[in-house]
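A quick write-up on the structure given underneath.
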Amino acid sequence: MESVVKEAREAMERSHDYDRDNRREAMEDLRFVAGHQWSDAAKKERAGRPMITINRSGQFLRQVSNPIRQNMPTIKVEPDRDDQSDMAEIANGLLRRIQYNSSAAHVYASATEHMVACGIGWFRVVQDYESNDSFDQELRIKRVFNPLSVYPDPSALEPDRSDMQWALVSEMVPLASFKARYPGKAPSG
């Protein structure tokens, strides 16, 4: 187990080092969109005086993201040359069910808004149990709430990173939540 953790930490460090400048600028973009538009130097210079912020960035972000929301992309299977239309129809039915059960439109919209705001947008496909007392699993499309929590393989060459070998998703968990989620486990560094 210790070797897996060590390997994950090294991979995360490689990914962070490779994409350090892009992540720093993405963080600045997200802060700007959130309304933190004054630099520290400007705040210091204007100490004690009013500082007005008129945040118009949301308007421009929605100009880009709303047309994407209105024409939300969906996953669709097309039959190949052998005309497997029955199989393609079955696959399309399964994909529609997965997207419906996952509220995929909201997931895609969230990834789109992150992509427009800071240039990085993610969602993921995960296996989830149907219920706590079942061994049956189904696929779900899930949001990634913080686009900077994903550390992709830096050796991926495709623009959509479909050729990446691994990706890590980090999660900050408050200590009280950790203890409630994993009773009896000791948090370590």
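The values are calculated or read from the model by the stated rules, or taken from the named source; none is laboratory data. Quantities reported herein were computed from a predicted structural model and do not represent experimental measurements. Backbone-built Cβ (ideal geometry, glycine too); neighbour counts: all protein chains shown.
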**Study point:** Set D40, D21: member being within 21 Å of R161 (Cα to Cα), surrounded by fewer than 10 Cβ atoms within 10 Å (Cβ to Cβ) and of a type outside the set (S, T, N, Q)
**Key:** D21
Practice item. With the condition kept exactly as written, say whether any residue in region 53-64 is surrounded by 13 or more Cβ atoms within 10 Å (Cβ to Cβ), out of contact with any Cys (no Cβ under 8 Å at 6 or more places or on another chain), among the aliphatic types (A, V, I, L, M) and modelled with pLDDT of 85 or more. Key: yes
Revision key, fill the gap. Taking region 98-127 and keeping only residues that are touching a strand residue (DSSP E or B) at 6+ places or on another chain (Cβ under 8 Å) and among the small types (G, A, S), one is left with S102, A104, S110, A111
